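The values are calculated or read from the model by the stated rules, or taken from the named source; none is laboratory data. Just so it is clear, the model here is predicted, and its values are computed rather than measured. Glycine also receives a Cβ, built like all others from the backbone with ideal geometry; neighbour counts cover every protein chain displayed.
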Amino acid sequence: MLQSFVSNPTHHFEHWKLEKLRQAIEARNLNAFLIPKVDLYRGEKLADGDDRLAWLTGFTGTSGFGAVSLDNAALFVDGRYSLEARNTVPDAFEIHPLDNKNIVQWLSRVVSGGKVGYCNLFHSVSEVKSLAASFTKEGISFISSDSLIDEIWKDKPHPPVSKVLYYPEEIAGESHTSKRQRIAQKLCDKGINALLITNPGSIAWLLNLRGNDIPNTPVFHAMALLYSSSNVDLFIDQKKVPLCLNLKEERQVRIIPERNFESYLTMMTGTIQIDPDAAPKKFHDLLENGCSIILASDPCLAERTIKNETQIRLCREVQTRDAVAYVEFLTWFYNLSNPTELTEIDLAVKLWEFRQNQPNIRDQSFDTIVGSGPNGAIIHYRVKEKTNRRLHHGDLLLIDSGGQYLEGTTDLTRTLVVGSPTDKQRNDFTLVLKSLIAISQASWELGSTGSFLDHLAREQLLNVGEDYNHGTGHGVGQYLEVHEGPYSISKKNNSPIPNNILLSLEPGIYREGEYGIRIENLALTNAKPGSGLDNPMSCFETLTYVPIDLSLIAPDNLTGSERGWLNDYHTQTYATLSPRVSTQAQAWLKDTCRSI
């Protein structure tokens, strides 16, 4: 499905919204209220009716946090969205870096000794615990309340209702029965009676099901209880389950109307495990009177990240299939007589046209990012009709895109140039390429953390005083979320990185007001054979093979080893793709993949 380039009419700031919210805050005898960028399921992408922060502020990024007092308001965003927030959010909101410490400090300043309200449906167990402890130290009361945004948002869109579909076992590589029994055995071993699963991706993976409640992400909204018997209760809008799906008979799944979920929790007994980082605090409160609660991570998260042999085989094929579409797009672009007649939207539409020619394409994996010139410096820029920019000679084009194929999910970024690049652009691009090569060639002791790998990528930039304000890489699902946890390559991720997970590698440089540069491949973590060391070693297997623009490279800035990697990469790119692309693309590919 092609993205919309029209701004969502409900996602814009109007002063009356802020005033109504302040009236609701005052009516509850509160001094401030928190508005996180989450829904019940804590997914990255939200349905229109769940994006309360966008409705209030107009901020549409995927990560943010709002705080409103009777006299002040603030929006907290991570580094990916700092420039976007400054450019799009009204002056009624102060903009600050997203961090619990910053949130607490801001509130302690504007509501000293006051009462801060929150809705316990949209804050996790661990989040409430952390904030409550910090607020207590500042003399602030942290008080559970209704969702005040829902109270004033009178024309809120209805929840999405998509049909649940079976996901074939021959693609998943493992039966739903095997998955359920494997996770259930983990519960039995710990004396746990049931596991509460609130993450839609985990439910979809566990039951080999998919849906379409969220654009670009083939999941459905539901809650699930997996019992130590391996049976499952699925709490879902029954309109989502077609009569032809005999879930109870075929998958030992009992369908229960989602409206009964909270009352069901109050009647539960025994020992139940919930994920403190995902489960809403309200669910914990409903369970604690009748159950013994174990706080531990959702085991499905780590299990589904590790790809089996079938998934790995299909993943390699899907990345190649997507690369064919991308090379056809690049051939079209670089053969244009006058690219300055085009806009960012034109490029996004054309790229989707080429992807649609590939077998089993279902959707984009996210809204395509086409940032030309200064728009490329906005890390998660999404082009809309109001921001759509025509290309100019000398522009760098940052194009970050991906596809949802039935067999897997893709994500790749290439930076292109309109005409000839400047020396500064070449030097910056080459620096990013050196960073990509460094992480692609890295080997590490099995069990090393995501933060350790992150430094290996950044070192090339840090040595010359540069850096990028986002993680180096994220996990990728199989026809699921394009951003899949819990593993990532970032400064803050201290989880040991296992083998057989799919990660993006995407360093960058962003010059505000000028351009952005990012190069992104997907890679699989593998055991490294024959290292000769006592401890097992791991390395990356690159899966994305799409040419890197040679005109943007300053060859003298590359070492011999780096040139060797690039030449080998392009040799493999040509060998992989040339039999599968058009005659015109073959000729372009051969020239583009020449050695330097």
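Data for the structure
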{"item": "Residue check for Gly173: within 24 Å of the chain's Cα centre (by Cα) and in the same structural domain as Glu288 (by TED's automatic domain parsing)", "result": "yes"}
{"item": "Some residue of the stretch 236-246 being surrounded by fewer than 16 Cβ atoms within 10 Å (Cβ to Cβ) and in contact with a Lys or Arg (Cβ under 6 Å, 6 or more places away or on another chain)", "result": "yes"}
{"item": "Single condition Ile369 does not satisfy, out of (1) in the same structural domain as Ser229 (by TED's automatic domain parsing); (2) touching a His at 6+ places or on another chain (Cβ under 8 Å)", "result": "(1)"}
{"item": "Members of the stretch 276-305 found to be touching a Gly at 6+ places or on another chain (Cβ under 8 Å), of a type in the set (S, T, N, Q) and under 14 Å from Ala194 (Cα atoms), listed by number", "result": "Ser292"}
{"item": "Search result, residues across the stretch 189-231 that are surrounded by fewer than 21 Cβ atoms within 10 Å (Cβ to Cβ), among the charged types (D, E, K, R) and in contact with a strand residue (DSSP E or B) (Cβ under 8 Å, 6 or more places away or on another chain)", "result": "Lys190"}
{"item": "Looking only at the stretch 166-192, and only at residues there that are in contact with a helix residue (DSSP H, G or I) (Cβ under 8 Å, 6 or more places away or on another chain) and of a type in the set (Lys, Arg), the one that is nearest to Arg251 (Cα to Cα)", "result": "Arg180"}
{"item": "Flag for Gln364 being among the polar types (S, T, N, Q), under 30 Å from Gly58 (Cβ atoms) and crowded, with 18+ Cβ neighbours inside 10 Å", "result": "yes"}
{"item": "Boolean, Leu287 is of a type in the set (A, V, I, L, M, F, W, C), more than 29 Å from the chain's Cα centre (by Cα) and at pLDDT below 95", "result": "no"}
{"item": "Residues that are among the small types (Gly, Ala, Ser), assigned to a helix (DSSP H, G or I) and either touching a residue at least 40 places away in the same chain (Cβ under 8 Å) or within 16 Å of Ser372 (Cα to Cα) (or both), drawn from the stretch 436-453", "result": "Ser440, Gly450, Ser451"}
{"item": "Pick from the stretch 380-408, criterion without any contact (Cβ under 8 Å) to a residue 60 or more places away in the chain and over 18 Å from the mean Cα position of the chain (by Cα), ranking: nearest to Tyr510 (Cα to Cα)", "result": "Leu397"}
{"item": "Residues located in the stretch 300-336, provided they are over 18 Å from Leu416 (Cα atoms) and among the hydroxyl-bearing types (Ser, Thr, Tyr)", "result": "Thr305, Thr310, Thr320"}
{"item": "Test: residue in the stretch 26-43 that is over 18 Å from Tyr118 (Cβ atoms) and buried (at least 19 other Cβ atoms within 10 Å of the Cβ)", "result": "yes"}
{"item": "3 or more residues touching a residue at least 40 places away in the same chain (Cβ under 8 Å) and farther than 30 Å from Gly371 by Cβ: qualifying helices (runs of 4 or more DSSP H) within the stretch 75-148", "result": "125-137"}
{"item": "Cross-chain or 6+ apart pairs with Cβ under 7 Å, the stretch 239-251 first and in contact (Cβ under 8 Å) with a residue 12 or more places away in the chain, then assigned to a helix (DSSP H, G or I)", "result": "Val241/Leu247; Arg251/His176; Arg251/Leu207"}
{"item": "Search result, residues across the stretch 265-276 that are more than 27 Å from Gly485 (Cβ to Cβ) and either of a type outside the set (Gly, Ala, Ser) or not assigned by TED's automatic domain parsing to the domain that holds Asn212 (or both)", "result": "Thr266, Met267, Thr269"}
{"item": "Every residue from the stretch 341-378 that is touching a residue at least 60 places away in the same chain (Cβ under 8 Å) and farther than 19 Å from Val417 by Cβ", "result": "Ile345, Val349, Trp352, Arg362, Asp363, Gln364, Ser365, Phe366, Asp367"}
{"item": "Subset of the stretch 488-517 (residues that are among the small types (Gly, Ala, Ser) and within 21 Å of His380 (Cα to Cα))", "result": "Ser488, Ser490, Ser504, Gly508, Gly513, Gly516"}
{"item": "Wholly enclosed strands (runs of 3 or more DSSP E) of the stretch 497-568 bearing at least 3 residues in contact with a Gly (Cβ under 7 Å, 6 or more places away or on another chain) and assigned by TED's automatic domain parsing to the domain that holds Glu484", "result": "502-505, 515-518"}
{"item": "Any chance Tyr510 is buried (at least 16 other Cβ atoms within 10 Å of the Cβ), closer than 23 Å to Asn335 by Cα and at pLDDT 95 or above", "result": "no"}
{"item": "Test result for Pro90, more than 29 Å from Glu262 (Cα to Cα) and either among the charged types (D, E, K, R) or in the same structural domain as Phe142 (by TED's automatic domain parsing) (or both)", "result": "yes"}
{"item": "Selection from the stretch 106-118 of residues that are surrounded by 14 or more Cβ atoms within 10 Å (Cβ to Cβ) and out of contact with any Lys or Arg (no Cβ under 8 Å at 6 or more places or on another chain)", "result": "Trp106, Leu107, Ser108, Val110, Val111, Gly114, Lys115, Val116, Tyr118"}
{"item": "Scope the stretch 46-64; condition modelled with pLDDT of 95 or more and of a type in the set (Ser, Thr, Tyr); matching residues", "result": "Thr57"}
{"item": "Those residues of the stretch 317-353 which are more than 21 Å from Gln586 (Cβ to Cβ), touching a Gly at 6+ places or on another chain (Cβ under 8 Å) and of a type outside the set (Val, Ile, Thr), in sequence order", "result": "Glu344"}
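Conditions tested, residue by residue: (1) small (Gly, Ala, Ser); (2) within 20 Å of Ser147 (Cα to Cα); (3) in the same structural domain as Lys492 (by TED's automatic domain parsing).
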| position | (1), (2), (3) |
| --- | --- |
| Asn8 | no, no, no |
| Leu21 | no, yes, no |
| Ala24 | yes, yes, no |
| Val38 | no, yes, no |
| Asp51 | no, yes, no |
| Gly66 | yes, yes, no |
| Asp99 | no, no, no |
| Arg109 | no, no, no |
